Structures are given as structure tokens and as C-alpha cells.
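Okay, structure first, notes after.
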Amino acid sequence: MFIHKRSFKKKYESGQFIETGIASWYGPNFNGKQTANGEIYNMYELTAAHRTLPFNSVLKVINKSNGKSVVVRINDRGPYAKNRIIDLSKKAAEKIDMISEGTAKVDLFLLSNNKIPENLKVPQYTVQVGSFKNKSDAQKISISLDNSRIVRAVVNGDTYYRVYVGNFNNSDEAKKLKYLLQEKGITGFVKQVGN
């Protein structure tokens with residue numbers, strides 16, 4: 001058991017390399033506003049925005065110009081500026097000394113056990129048509145829908161079985177499916193896969 005804990009700690013500290021690119025940061029204009037996962041953005045917390053990584057993914061961000069690093073949690077979507085891979089909170093940007101420059105070339109390492117999307121740059125979308133405490137209830141819905149799947153999710157310690165339909169590279173295609181499902185009496189909403 002002791003060896004397992006040590007190996008887990010070592011893996012957590014080093015992480016899995018996933019991406020190199022340009023980081024930017026965001027602060028006062030967004031402070032106090034809602035993030036994509038529903039939290040209120042606090043620029044003094046160690047958080048970040050990424051286009052595709054699942055919410056609550058934990059990343060180590062290393063500034064390639066000075067070797068400084070910071071550990072952040074993904075709670076928002078972005079950056080939307082071209083050729084940038086991550087938007088850091090102001091505090092995270094301060095930790096790796098990139099405030100004055102505004103951007104920095106960074107390496108990203110995944111420290112948590114979240115699944116990495118096939119394409120980190122292109123978000124995937126789906127239509128969620130149900131969320132159930134009982135797996136058999138989710139199966140009843142899923143079996144009646146083509147191209148559906150059940151995904152287990154743990155929220156605040158409670159387990160839910162979510163029913164998703166379709167997988168798309170853009171939200172417009174997912175919205176079209178949502179409207180087709182509504183015409184059949186099935187309500188749902190579009191969400192980014194990995195949220």
C-alpha cells in the first residue's frame with residue numbers, strides 16, 4: 001500500500017505531457033462572472049480555461065522561458081484567441097511570471113486521471129437527453145434511441161447515469177439533432193463532451 005501511494009504521488013507530480021503552445025491569462029474583466037462549468041470566476045484562484053479538456057482536469061503548466069510552473073484546475077472554456085492553448089487565471093499567470101508579457105510558451109502536463117480528448121483543439125458536442133440515479137432507467141431511454149450511450153458521472157459524491165445522443169465536431173450539428181429529438185417528444189440540451 002505504501003509503494004502504491006508513493007508511485008501515485010510521483011505520477012501526480014510529473015504528469016502526462018499533452019501539449020505545447022501559447023498561454024494567455026484573463027483577469028479583471030471576467031472576475032466575478034460565471035465560468036463555463038457554472039462556477040464564479042475568481043482571478044485569485046489557480047484555475048484555467050481550455051477548449052476541450054474535461055472540467056476539473058488538473059494540469060501542470062510550465063513556462064518554457066523561465067522553467068516556472070503552476071498547477072491549475074480547468075473550470076472554463078477558451079481561449080478563443082487564435083493559436084493559444086490555455087487561458088490562465090491572473091494568480092496562475094503571476095506564479096509563472098507571465099503577467100507583463102501577456103503570453104508565454106508553455107508545456108501542459110495532465111496530472112489528474114481525466115480522459116484526454118482525441119483532438120485537443122476541436123471540441124466535441126453531444127445531446128444529453130437524461131440523467132438518472134438508477135442505471136436501468138437510463139438503459140430504458142438509451143435502448144430506444146439510435147447512436148445513444150450511457151455515461152456514468154459522479155457529482156458531489158452522487159452517481160448519475162447520463163444518456164447522450166450523437167457526437168459532433170460543432171455545436172450547430174448537435175443543435176439540429178436536439179430539434180429533431182424535440183419533434184419526437186424527447187427533450188434535451190447540447191453540451192460539450194467532457195463537461
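Of the peptides 77-86, 42-51, how do they stack up when ordered by the mean number of other Cβ atoms within 10 Å, highest first?
42-51, 77-86
For the range 111-180, what is the relative contact order in percent, using Cα pairs closer than 8 Å and at least 6 residues apart in sequence?
Normalised by residue count, the contact order of the range 111-180 is 37 percent.
If you rank Tyr179, Tyr161 by fewest surrounding Cβ atoms within 10 Å, what's the result?
In order of increasing Cβ crowding within 10 Å: Tyr179, Tyr161.
Using Cα atoms only, what is the angle between the long axis of helix 171-183 and the major principal axis of the chain, expressed in degrees (0 to 90) to the nearest 10?
For helix 171-183, the angle is close to 20 degrees.
Taking a temperature of 20 °C and a viscosity of 1.002 mPa s, what whole-number D in µm²/s does Stokes-Einstein yield for the range 125-192 with Rh from Kirkwood over alpha carbon pairs?
Here the translational diffusion coefficient equals 178 µm²/s.
Taking a threshold of 30 Å on the Cα-Cα distance, which of the pairs Lys91/Lys121; Lys91/Lys176; Lys91/Lys133 fall above it?
Lys91/Lys176; Lys91/Lys133
Give or take rounding to whole Å, what are the principal axis extents of the alpha carbon atoms in the chain, in descending order?
For the chain, the Cα extents along the three principal axes come out at 56, 46, 29 Å.
Which of Glu183, Glu173 has the fewest other C-beta atoms within 10 Å, and how do the rest follow up to the most?
The order, fewest Cβ neighbours first, is Glu183, Glu173.
Give, in nm to one decimal, the length gained when the segment between Asn113 and Asp97 is fully stretched (0.36 nm per residue of separation minus the Cα-Cα distance).
Working it through step by step, the gained length comes to 3.0 nm.
Too long at a 28 Å Cα-Cα cut-off: which of Lys64/Lys191; Lys33/Lys191; Lys60/Lys178; Lys33/Lys60?
The pairs that break the limit, which is 28 Å between Cα atoms, are Lys64/Lys191; Lys60/Lys178.
For the chain, modelled as a GNM with alpha-carbon contacts under 10 angstrom, which of Val106, Val71, Val122 fluctuates the most?
Per the Cα network of the chain with a 10 Å cutoff, Val122 tops the list.
Using amide H atoms built 1.01 Å from N in the peptide plane, name the residues 5+ places from Asp76, or on other chains, whose amide H lies under 5 Å from its own.
For Asp76, whose amide H was placed from the backbone, the distant partners under 5 Å are Ala48, His50.
Given charges of +1 on the Cβ of Lys and Arg and -1 on the Cβ of Asp and Glu, with all other atoms neutral, how large is the dipole of the chain about its Cα centre, in debye to the nearest 20?
Numbers: 31 positive and 17 negative charges, 95 e Å.
In total the dipole reaches around 460 debye.
Since every read-out is calculated from the coordinates, none of them should be taken as a lab result. As the structure is a computational prediction, the values presented were derived from the model and not from experiment. Neighbour counts are summed over all protein chains in view; Cβ atoms, including those assigned to glycine, are modelled from backbone coordinates with ideal geometry.
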